[in-house]
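What follows is a short report on a single structure.
Just so it is clear, none of the values below were taken in a lab; they were calculated from the coordinates. As the structure is a computational prediction, the values presented were derived from the model and not from experiment. Note: ideal-geometry Cβ built from the backbone for every residue, glycine included; neighbour counts use all protein chains shown.
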Amino acid sequence: MSAPLLQLSEVTKSFGGIHALSAVTSGVPEGKIVGIIGPNGAGKTTLFNVITGAYRADSGVVRLNGTALNGLPPHQIAREGIARTFQNIRLFPSMTVWEHLLVAQPHRESWWRRLLPVGWGDPAAQVRAVEVMEFFGLTDLRDRPAKSLPYGMQRRVEMARALTARPKLLLLDEPVAGMNHDEAEEVRQLMLKLRATGLTILLIEHDMNFVMRLCDYLYVLDFGVLIAEGAPSEVRTNPRVLDAYLGKDE
Amino acid sequence: MSTYYASLFAEAGILLLGALSVYIILATGQLSLGNAAFMAIGAYLSSYLTVELGMPITPALIVSAIAAGTIGVIVGFPALRLKGIYLAMATLGFGEMIRSFFINFPAMGGSGGFHGMAHISVGYIWAWAGGILVVLILVERSRVWLEMQAVHDDETAAGLVGLNTVAIKVGAFGIGAAVAAISGGLFAHHHVYIEPANFGFERSIDFVLATILGGSTLGLGSLIGAILLVFLPEFLRPIADWRLAAFGTLLILVLLVRRQGIVDRTLLRGLTFRKAAS
């Protein structure tokens, strides 16, 4: 593996006496889709929160392209090139789909142009929003309040919002939760297309079928400890994983 | 136009700016009950500049707006640590602090007030009020406004999608304070006499009321709220002593029926005959 895009070294995070993450060391290589799996409460979302700066790690280092992200406020980490979605979808209730596609875009214009109506001040933002809107099949829903859409569509809006920021690394927290098989398959196809453009994706997902068919590489977390890693086919047969997780219900 | 109506229109223009000052801060999810303080700063500073230094009114207003805006930014930082009702209480405290400062500030007349300002016309007041409203309506379609909305809706998510929530919230306080100062400067030069009691808690409440009544999701709402707040009690004069009670009742009824205020984006879409989303 060449130098990974995202590198976690000995990342530890505790809440009270609970070790949510214990010395997690892992890497996400550029242009790959990497999955994190593990039972409920394994620390997967905590890991996302540490990477994005929502939580501060007790110790350890998170690096993106070699730059340490520890201690940066969340918005600066986002500007370094990490975008995310949330397990409990977090859209902006007062905004339409279209507005979601504009709000998270990085600033390319001077501050006073940002005060002008978007069409005059930042036409490039509109172009980008249209691109992403078409990619996710949201064009017909453009002016709908995003919160009024069905669950699966809300997840797409969230992914689209993350993508408008032109991230280097996209973090997806259970991207197909609550979706049926066909919807999940559509999302899988979209992810593959994104990978083809060079985007790196790190995702948490409980849908094993989805994970096994999509990810290039997997990490398995259990009680905050990385217990296994490898290609999906290896992880699937790893006895520790079967004990901790897959063995329970399969 | 009779002087009576001219004076009402002047009041409405001044109240519009006060309401907008609350609206701008509220757009980032922060409720300020102390904007009369920024109004007081604008009123006293602009009066000092025109009366004592002989500065023309327009630059005096601009200087006052910049000064009050700076103070707004300074107030905005501690406000970051407070949310909801606690922020409202803190801003209320700030309002009382500034009011009592002017009571104990003999250089500007103390509790006796300050006078000597040259009277300004209704047209001048509305040039400012209308101008600021139009600029704001344009800004409502900008990236910056979307970012403010995002902070209003979900501050944590806004930060995680890359928005500098601190700059947005503090900036809104600064701009809101600057607009309140313009309102104060116009008030001072319309009434040509000011005293600390002009800028008490009731004034701050009037601003909030106009914003909430008219519609707190659009700048246009503040216009409607300000006009109603000034003119409705006047039209209710025939019922004499009961007019304020009747006005209060109307207010409660409006808010019961339309919690979002009289105008909102949905209503506006309907009115402009744009194709409604299916």
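Could you tell me which residue out of A:Tyr55, A:Val220, B:Gly162 lies farthest along the dipole of the protein assembly as shown toward its positive end? Charges go on the beta carbon: Lys and Arg +1, Asp and Glu -1, centred on the Cα centre.
So the residue furthest toward the plus end is B:Gly162.
What are the extents of the Cα atoms of the stretch B:3-271 along their three principal axes, listed from largest to smallest and rounded to whole Å?
Its Cα atoms span 51, 45, 31 Å along the three principal axes.
Could you list B:Trp126, A:Trp120, B:Trp145 in order of exposure, starting from the residue whose Cβ has the fewest other Cβ atoms within 10 Å?
A:Trp120, B:Trp126, B:Trp145
With loop defined by DSSP as not H, G, I, E or B, and exposure as at most 12 other Cβ atoms within 10 Å, which is the longest segment of chain A clear of exposed trypsin sites (Lys or Arg not before Pro)? Provide the component values of the computation, followed by the final result.
Working: sites that count: A:Arg56, A:Arg108.
Counting at most 12 other Cβ atoms within 10 Å as exposed, the longest clean stretch of chain A is A:109-250.
Translational D (Stokes-Einstein, µm²/s) of the stretch A:100-246 at 20 °C and 1.002 mPa s when Rh comes from the Kirkwood sum over C-alpha pairs?
In µm²/s, the coefficient is 124.
For the stretch A:58-69, what does the Karplus curve 6.51 cos²θ - 1.76 cosθ + 1.60, with θ = phi - 60°, yield as ³J(HN,Hα) per residue in whole Hz, taken in order and with x for Gly and Pro?
The phi angles translate into 5, 7, x, 10, 10, 10, 10, 6, x, 8, 6, 9 Hz.
About the Cα centre, and with charges only on the beta carbon of Lys, Arg (+1) and Asp, Glu (-1), how big is the dipole of the protein assembly as shown? Nearest 20 debye, please. Before the final figure, lay out each step's value.
Values: 42 positive and 41 negative charges, 111 e Å.
For this selection, approximately 540 debye.
Output ³J(HN,Hα) for the stretch B:74-81: one whole-Hz value per residue in order, computed from phi by the Karplus curve 6.51 cos²θ - 1.76 cosθ + 1.60 with θ = phi - 60°, and x for Gly and Pro.
Those phi angles translate into 5, 5, x, 5, x, 5, 4, 7 Hz.
Quick one: dipole size for the stretch A:91-166, taken about the Cα centre, charges +1 on Lys/Arg Cβ and -1 on Asp/Glu Cβ, in debye to the nearest 20.
Dipole size: approximately 180 debye.
Taking Cα centroids, how far is the stretch A:1-46 from the stretch A:80-127 in Å?
The two parts, judged by their Cα centres, are 29 Å apart.
Mind giving me the nanometre distance, one decimal, between the label points for B:Met89 and B:Leu232, set 7 Å out from Cα along Cα→Cβ?
3.0
Is the shape of the stretch A:141-208 best called rounded, prolate or oblate, per the rule: a/c under 1.5 gives rounded, else a/b larger than b/c gives prolate, else oblate, with a ≥ b ≥ c the square roots of the Cα gyration tensor eigenvalues?
Because a/c hits 1.5 or more and a/b fails to exceed b/c, the stretch A:141-208 counts as oblate.
Using the scaling law 2.2 N^0.38 Å as the reference, what is the normalised Cα Rg of chain A?
Ratio of Cα Rg to 2.2 N^0.38 Å: 1.02.
Given R₀ = 51 Å, FRET efficiency for B:Glu52-B:Leu244 by Cβ-Cβ distance, to 0.05? Can you show the working numbers first?
On the way: r = 38 Å, r/R0 = 0.74.
With R0 = 51 Å, the Cβ-Cβ based efficiency is 0.85.
Give, rounded to the nearest 20 debye, the magnitude of the charge dipole that chain A has about its Cα centre when Lys and Arg contribute +1 at Cβ and Asp and Glu contribute -1 at Cβ.
Working: 27 positive and 27 negative charges, 158 e Å.
Rounded to the nearest 20 debye, it is 760 debye.
Kirkwood hydrodynamic radius for the stretch A:91-166: how many Å is it when counted over pairs of different Cα atoms? Numbers along the way, then the final one.
On the way: mean 1/r = 0.0806 Å⁻¹.
Across the stretch A:91-166, the inverse of the average 1/r is 12.4 Å.
Tell me, what HN-Hα J-couplings in whole Hz come from the Karplus equation 6.51 cos²θ - 1.76 cosθ + 1.60 at θ = phi - 60° for each residue of the stretch B:16-22, using x for Gly and Pro?
Working through the residues one at a time gives 4, 5, x, 5, 5, 5, 6 Hz.
Which of the trypsin sites (Lys or Arg not before Pro) across the stretch B:50-159 are loop residues per DSSP, with 11 or fewer other Cβ within 10 Å?
Answer by residue number: B:Arg81.
In nm², what is the average projected area of the convex hull enclosing the Cα atoms of the stretch A:76-129?
Hull-based average projected area comes out at 4.6 nm².
How much of the DSSP beta bridge set in the protein assembly as shown is antiparallel, as a percent to the nearest 5?
On the way: 23 of 39 bridges.
Close to 60 percent.
Provide Rg and Dmax in Å for the protein assembly as shown, with only Cα atoms included in the calculation.
So, for the protein assembly as shown, Rg and Dmax equal 27.6, 91 Å respectively.
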